[in-house]
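Take a look at the structure set out below.
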């Protein structure tokens, strides 16, 4: 009787709830999009989404990829993606990124955050603020129109892909504080133990971890590993966080290959072979923090997977831990007077390098790259090609530096300005190229 009464009350409030959802959509949509979508079609879509979200369990993700009824879309020009879930960061970015990567253009998107009251069974009771003594919770109600997908199997495949990406979002968000806490905890042994490292390295590594934790790194995954048989890493059971949580069968994710025999590093920064499904496309950044025993022997490491934030890529090199130390050592290797023309050119070259390369390349590799470009500046015309492989030969980075005259001609021939640096990355390159600079004359 009580369930029947609750269901009846929800149905009776359907027009009121639909009107509230429509108001949220109107506040979210540009006026031109509202006019193009049509008031009648939007009202029908809002009513359909309310029926879809009528019941939702805690932490449940409701996702539907469907084609509207013919009477609602006479031209049949679009399919609809609907998402109802707990409000979390990165939902909009992740959904639109996944659609773009699968080649589905977004025609319209509304993504309001609604304050929703639900009953114990997850039944929708109220939308828009507090209702009596019941505390509302924030839910993301997203409505997207994409280019029409006629094939039902293709719609099902798209839904499965979107659900996998949204599961990564939830895992990363739920474990975000735990990953930040792990980063903070790793700072202590770096500053309190006597480690077999060059002076200043341990302190800079600890400063970089603190920098990452201070909203300069988007933590998506974390896993501890033990070192077995030389360079083989074995995951510590139960230590996976975020997207590196153990799978359904309890199997941990494979470690990123970061250990190199004979190299004593407290930090190893590289690009993962794993592409991001959260927030931003591209290969994930991997930061591995080494663990040494009391005798100074390497016994394992903790790996963080994530993305450097945009403010890190645009920050002054002198404010970023580890990078500032690398840059200072590169400059010291040239022994230029600080006020000389060559010193200023060197600083300009290092400032222009991609931040990823500054993080990943060694001081020796950066010095070799800078020397090759400095030599290029002495010629009126020319192109300098610099190749660098990462520690495990899974990535080869190719830099092409243009002389000023070549860069000017290239900019004149193009409608868009070009940087004197052109960068390409190849994954799993079969040829193991070193970092020897190759200069081509034209």
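Here the mean projected area of the convex hull built on the C-alpha positions of the range 16-170 is 9.1 nm². Under the simplified labelling scheme, the residue 294-residue 101 pair shows an inter-label distance of 4.6 nm, with each label point 7 Å from Cα along Cα→Cβ. With the highest mean first, a sort of the peptides 32-43, 161-172, 333-344 on other beta-carbon atoms found within 10 angstrom per residue produces 161-172, 32-43, 333-344.
Translational diffusion coefficient of the range 96-168 (Stokes-Einstein, Kirkwood radius from Cα pairs, 20 °C, 1.002 mPa s): 147 µm²/s. Every pair of different Cα atoms in the range 162-247 enters the Kirkwood calculation, which places the hydrodynamic radius at 14.5 Å.
The residue 378 and residue 311 beta-carbon pair, evaluated with R₀ = 41 Å, returns a calculated FRET efficiency of approximately 0.70. For residue 345 and residue 194, the difference between the fully extended length at 0.36 nm per residue and the C-alpha to C-alpha distance is 50.6 nm.
Since every read-out is calculated from the coordinates, none of them should be taken as a lab result. Fair warning: this is a prediction, and the values are worked out from it, not measured in the lab. Cβ coordinates were reconstructed from backbone atoms using ideal geometry, including for glycine residues, and neighbour counts include every protein chain displayed.
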